[in-house]
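Visitor: Here it is, the structure, as structure tokens.
The values are calculated or read from the model by the stated rules, or taken from the named source; none is laboratory data. Computed from a predicted model, the values in this text were never measured in an experiment. Every residue, glycine as well, gets a Cβ built from its backbone with ideal geometry; the counts of neighbours run over all protein chains shown.
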Amino acid sequence: MTDETTLKDFISKIKNNEIDVVEYTYKLIEECKKINKEYGYFNTISEELALSQAKEIKIQLKQKNKEIKNKKLLGVAVSAKDSICVKGVETTAGSKILQGYKPLFDAFVIQKVKEEGGIIIGKTAQDEFGFGTFSMNSAFGIPKNPFDSERSCGGSSGGAAGLSRKLGNHIAIGESTGGSITTPASFCGVYGLCPTYGRVSRNGLIDFSNSMDKIGPIGKTIEDAALLMNVISGHDKNDSTSLNVKNEDYESYVKKSIKGMKIGIIKEAFGSGVEMEVEKNVYNGIEELEEEGAKVEEISLELPIKYGIATYYMIAASEASTNLAKYCGMRYGASEKLEGSFNEYFTKVRSNNFGEEAKRRIILGTFARMAGYRDAFYLKAAKVRTLMINEYKKAFKKFDALVSPAVSILPPKFSDIEKLTPLQHYIIDVMTVSPNVAGLPHLNVPVGFEKNLPIGMLLIADHLQEGKLIQIGSAVEKGK
Amino acid sequence: MKHFTTDIIIGLEVHVELSTKTKLFCSCQKAKKDDIPNSKCCPICLGMPGSKPVLNKKAVEFALKLCLALDCGISPELIFSRKSYFYPDMSKNYQISQYEVPLGKRGKLMLKGGKEIGIARVHIEEDPASLIHPAGLKESTYVLVDYNRSGNPLVEIVTEPELGSPEEARDFMKQLITVLNYLDVFDINEGIIKADANVSVKESGYKRVEIKNITGFKEIEMALLYEVKRQKEEAHKVEQETRGWSSEKGVTFSLRKKETEEDYGYIIDTDLTAIEITDKWIKEIKKIMPELARDKVKKFIEKHKLKKEDAEIIAAEKGLAEMFEKVAEEINPILAAKWLRRELVRVLNYSKKELHEVEIDEKHMIGLLKLVENKKITDNVASKILEKLVEKPFDVKEYVKKEGLEAVSDVSELERYCKEAIEESPKAVEDYKKGEAKALNFIVGSVMKKTKGKATPKEVNEIILRFIR
């Protein structure tokens, strides 16, 4: 099953009955279980759903249903980050407070995947509600780096990225609020595409920070990521923030010439604080872009690098603290013995079932939006966010894309991460938070290995220019 | 301390449920009062993880109509905020409301006497669920939650503290309900209207007391009357606090002492995009805005030459005003106005019914008043027919014919009845001649009996006088 065939080949084999979809899915689930034992990428393996989907596909194939031949993901395994609702399948967002919760409806992206014949194999491990960089803030297991199980696979979509590396014929649905697609993609050596805010519907996504949450694909190849983007992007009337813009064929951008494209190297993203091996490999990737005919130039983007982290944490924590208010043990998820007043009851539920990082962000976010502080924190952050967008917009008048390392360090050991203070922890996100705050699409492109660990390059493009990212990302061959 | 011009200062925050078909942020049908609890809800109004609100544009249209009717300045953008607090009736533990930028600002509403009350703001928000205390508010050891109401569209109307008495507050509510009825944005039978009232009196140095959650506009006046009396009598003991209103006991009671303003930690709800309220949209709404009571009053005075007082009374009730306009097309407006505002209202009051609850319509009124106008029946007979019409409508003309109720217009016939009556009551004639003017009434009454009320007393009076002088 680790045979390196392309997904296109695989799909046509399913369509032509060269591969029995039920038999294959059965084996696939067994492999998922095996991988999960070793690496902990799943919170839930949705065996029942996957097999019933496979059986349905088999029936349709037997009946020679005409439409089935047009399905873009026929028989392809698709995993979803645990914060994405799958009807009837336990969905916890990595939190004990949602343990046992089975949603009543499918997220928009899950509906789309099902419509295109994709097989939902399970819910991938993540930091609780997306609060983290290393997938260690989870109520359940901690996913391990596919290259070194003593190291982190990044976060918060850690399970999604690790599984993308380990499992063949599979694409993962990840989610990013401040870098949760590109950071784990970088640490796991895969392609992670975080789309423009609003390009993919958030309907059915358990909220972290509503104005920044974005669902996107993580795949072993850029083709895989582009294929899944074609399926999940588009307008959804059930998400008010979903953009009503024309659909695009993202696959058509793969391997398109980048000759004459202008790429800006973010000056502040290199040098101090960036590990040498990381810097070296990212420059190798840039060189490759030049060889392919792109024009490269340095650009200073002081504001995003200097104020990105602060702005991000103010907005994200403020929004998160209201989003998490609904978890009070009344209608779903964890509950406690019914006693005392409502205040006593929900305090007990929340004290016993939220993790430490969730509590830290609730306290931080609640503080930042209280009268007397909201002007200085929440509202100021909103203003800085506008300034950041303006600075990026100015840059995109000149450049097709901007480039930086995805993460300034190699995947760290769990033992080293444990020594970090919360603030040191937050600073790891410095490269990725700003495009997230600005709602800009960005892509992790693997550019090489050091000490048998992958290194990723971050490409950022203007709003709705995911196509360009795929175009440029597919020009880099070194990291494959 | 602020300088107030009145001894009593009252400000109201009124919550009105808009009569849209569906809820504010989901496509759930709005529940009726007798629907099974928790039968009209979905993941959105239940606040399930992953659900996202989608705005009901109709609710915005209704709220915009209200803003225009209250002469508010309208915000160029519609922005929603999250008002955070934990309470068991809140599905998300935050309420989607509006904060920094309300939909409407700086409006006004005129009271009966012409005094204008400032409207500080009008905004849209969602209703929480309803809580049911099976053993009573204080006694129950648990509550049940019914989410049928959760997510219903509300508008909150906040007045300036310019109401000078409980009576003015009641009148304000009455005027507001008139506006809501004209706009057809509030269902008086199914909808809920609630108010929080801020009350302070000079005697206590204008210490602000808030009374929460008073349902129904008559209750509002009662609660305010009680509270004003309490504050005046216990002036030195009045504290800044929040009080509740018990309609059963007719008293307000302390809920919590309030040292600081509650902090709801408002942030923008970014699940909902800011919606531009364009001039084009406002123009479209202005086009479909119905005539309001104030327009009707003007028209009734100018076109139909009614007295101001009559015009105001008729215009105050939408149904009555609409009936008047139709009736006045065929009947002398002055006569029509007299019959609608006096007789019809009297009969309705007597039978304890509202106009919209009875079947009588303009056709019946026109039929009846045509006969009155042409002196085919007397006022007396007409009043009696009206009483019957309110019970159950019928064809007036046929009924009059069948019952032989046409007025006696033949003078010789009337003279015959009068002569008979005079002959039958020698004592009354004698008394009258002695100077007892009242004795004449006895003879008139006797004639009226003989004619079954089909004669006009005035005419009968004249004939009798002619005979006995």
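Yes/no matrix, rows are residues, columns are (1) in a helix (DSSP H, G or I); (2) β-branched (Val, Ile, Thr); (3) touching a Pro at 6+ places or on another chain (Cβ under 7 Å):
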| residue | (1), (2), (3) |
| --- | --- |
| B:415 | yes, no, no |
| B:419 | yes, no, no |
| B:428 | yes, no, no |
| B:431 | yes, no, no |
| B:437 | no, no, no |
| B:441 | yes, no, no |
| B:444 | yes, yes, yes |
| B:449 | yes, no, no |
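Visitor: Now for a separate question. Give me the pairs, please: first residue somewhere in region B:86-106 and within 8 Å of chain A (Cβ to nearest Cβ), second residue anywhere and surrounded by 17 or more Cβ atoms within 10 Å (Cβ to Cβ) and among the aromatic types (Phe, Trp, Tyr), beta-carbon distance under 7 Å, and either six or more positions apart or on two chains.
Guide: Short answer, once both residue conditions are applied: B:86/A:346; B:91/B:147.
Visitor: A further question on this structure: I want to confirm something. Restricting to region A:195-207 and keeping residues that are away from chain B (no Cβ under 11 Å) and crowded, with 24+ Cβ neighbours inside 10 Å, which single residue is nearest to residue A:86 (Cα to Cα)? Break it down into steps so the answer makes sense when it comes.
Guide: Keep residues of region A:195-207 that are away from chain B (no Cβ under 11 Å), which gives A:195-196, A:199-200.
Okay, now just the ones that are also crowded, with 24+ Cβ neighbours inside 10 Å, so A:195, A:199-200.
Working: A:195: 21, A:199: 20, A:200: 16 Å.
By that ranking, first place goes to A:200.
Visitor: Would you check which residues across region B:296-318 are over 12 Å from residue B:336 (Cα atoms) and either of a type outside the set (D, E, K, R) or assigned by TED's automatic domain parsing to the domain that holds residue B:180 (or both) and list them?
Guide: B:297, B:301, B:313, B:315, B:316
Visitor: Would it be correct to say that residue B:39 is more than 14 Å from every other protein chain (Cβ to nearest Cβ), among the polar types (S, T, N, Q) and either surrounded by fewer than 21 Cβ atoms within 10 Å (Cβ to Cβ) or touching a Pro at 6+ places or on another chain (Cβ under 7 Å) (or both)? It would help to see each step written out before you state the result.
Guide: Details: more than 14 Å from every other protein chain (Cβ to nearest Cβ): yes; among the polar types (S, T, N, Q): yes; either surrounded by fewer than 21 Cβ atoms within 10 Å (Cβ to Cβ) or touching a Pro at 6+ places or on another chain (Cβ under 7 Å) (or both): yes.
Yes, satisfied.
Visitor: Something else: Inside region B:57-168, counting only strands (runs of 3 or more DSSP E) that do not spill past its ends, which hold 2 or more residues that are in contact with a strand residue (DSSP E or B) (Cβ under 8 Å, 6 or more places away or on another chain) and acidic (Asp, Glu)?
Guide: Here the list reads B:116-126.
Visitor: I'd like to know if region B:365-380 contains one or more residues that are surrounded by fewer than 21 Cβ atoms within 10 Å (Cβ to Cβ) and either under 19 Å from the mean Cα position of the chain (by Cα) or closer than 26 Å to residue B:69 by Cα (or both).
Guide: no
Visitor: So which of B:201, B:209, B:185 is modelled with pLDDT of 95 or more and either within 17 Å of residue B:159 (Cα to Cα) or buried (at least 23 other Cβ atoms within 10 Å of the Cβ) (or both)?
Guide: None of the others qualify; the one that does is B:185.
Visitor: Got a sec? Which helices (runs of 4 or more DSSP H) wholly within region A:300-396 have at least 3 residues that are among the polar types (S, T, N, Q) and within 14 Å of chain B (Cβ to nearest Cβ)?
Guide: Passing ranges, in order: A:302-323, A:342-353.
Visitor: Another question, then. Considering only residues that are hydroxyl-bearing (Ser, Thr, Tyr) and either under 25 Å from residue A:11 (Cα atoms) or not in a strand (DSSP E or B) (or both), which ones fall in region A:172-181?
Guide: Hits for region A:172-181 are A:177, A:180.
Visitor: Here is a list: B:274, B:337, B:328. Which entry is farther than 30 Å from residue B:211 by Cα and within 14 Å of another protein chain (Cβ to nearest Cβ)?
Guide: B:274
Visitor: Continuing with this model, one more query. Counting only residues that are crowded, with 24+ Cβ neighbours inside 10 Å and either basic (Lys, Arg) or over 17 Å from the mean Cα position of the chain (by Cα) (or both), how many does region A:418-446 have?
Guide: Summing the residues that are crowded, with 24+ Cβ neighbours inside 10 Å and either basic (Lys, Arg) or over 17 Å from the mean Cα position of the chain (by Cα) (or both) in region A:418-446 gives 0.
Visitor: Any idea which of (1) surrounded by fewer than 24 Cβ atoms within 10 Å (Cβ to Cβ); (2) acidic (Asp, Glu); (3) assigned to a loop (DSSP other than H, G, I, E, B) is the one residue A:223 doesn't satisfy?
Guide: The single condition residue A:223 does not satisfy is (3).
Visitor: Could you go through region A:54-72 and let me know if any residue there is among the small types (Gly, Ala, Ser), outside any helix (DSSP H, G or I) and modelled with pLDDT of 95 or more.
Guide: Scanning region A:54-72 turns up no residue that is among the small types (Gly, Ala, Ser), outside any helix (DSSP H, G or I) and modelled with pLDDT of 95 or more.
Visitor: Tally up the residues in region B:56-76 that are within 14 Å of chain A (Cβ to nearest Cβ) and charged (D, E, K, R), please.
Guide: 1
Visitor: Taking region A:342-357, which residues are farther than 21 Å from residue A:422 by Cα and among the acidic types (Asp, Glu)?
Guide: A:344
Visitor: Out of region A:262-274, which residues are modelled with pLDDT of 95 or more and not basic (Lys, Arg)?
Guide: Within region A:262-274, A:263, A:264, A:265, A:266 meet the criteria.
Visitor: Also: Of all the residues that make up region B:201-236, how many are farther than 21 Å from residue B:17 by Cβ, touching a residue at least 12 places away in the same chain (Cβ under 8 Å) and assigned to a helix (DSSP H, G or I)?
Guide: Total meeting the criteria: 14.
Visitor: Still on this structure, please answer the following. Does region B:397-435 hold any residues that are within 48 Å of the chain's Cα centre (by Cα) and over 16 Å from residue B:381 (Cβ atoms), and which are they?
Guide: B:410, B:411
Visitor: Now, a different point. Evaluate region B:406-419: report whether one residue or more is in contact (Cβ under 8 Å) with a residue 40 or more places away in the chain and farther than 30 Å from residue B:466 by Cα.
Guide: No, region B:406-419 contains no residue that is in contact (Cβ under 8 Å) with a residue 40 or more places away in the chain and farther than 30 Å from residue B:466 by Cα.
Visitor: Taking the criterion of being more than 14 Å from every other protein chain (Cβ to nearest Cβ), modelled with pLDDT of 95 or more, part of a loop (DSSP other than H, G, I, E, B) and surrounded by fewer than 24 Cβ atoms within 10 Å (Cβ to Cβ), would at least one residue in region A:21-40 satisfy it?
Guide: yes
Visitor: Something else about it: Quick one: which residue in A:433, A:445, A:437, A:407 is touching a residue at least 40 places away in the same chain (Cβ under 8 Å) and touching a Lys or Arg at 6+ places or on another chain (Cβ under 7 Å)?
Guide: Result: A:437 is the single residue among A:433, A:445, A:437, A:407 that is touching a residue at least 40 places away in the same chain (Cβ under 8 Å) and touching a Lys or Arg at 6+ places or on another chain (Cβ under 7 Å).
Visitor: Let me ask something else. Confirm whether residue B:345 is touching a helix residue (DSSP H, G or I) at 6+ places or on another chain (Cβ under 6 Å) and either of a type outside the set (Phe, Trp, Tyr) or not assigned by TED's automatic domain parsing to the domain that holds residue B:320 (or both).
Guide: Details: touching a helix residue (DSSP H, G or I) at 6+ places or on another chain (Cβ under 6 Å): no; either of a type outside the set (Phe, Trp, Tyr) or not assigned by TED's automatic domain parsing to the domain that holds residue B:320 (or both): yes.
Taking the combined requirement at face value, the residue does not satisfy it.
Visitor: Give me the strands (runs of 3 or more DSSP E) completely within region A:74-171, filtered to those with at least 2 residues that are surrounded by fewer than 24 Cβ atoms within 10 Å (Cβ to Cβ), ordered by residue number.
Guide: A:148-152
Visitor: When only residues in region B:8-48 that are in contact with a helix residue (DSSP H, G or I) (Cβ under 7 Å, 6 or more places away or on another chain) and outside any strand (DSSP E or B) count, which is nearest to residue B:107 (Cα to Cα)?
Guide: B:18
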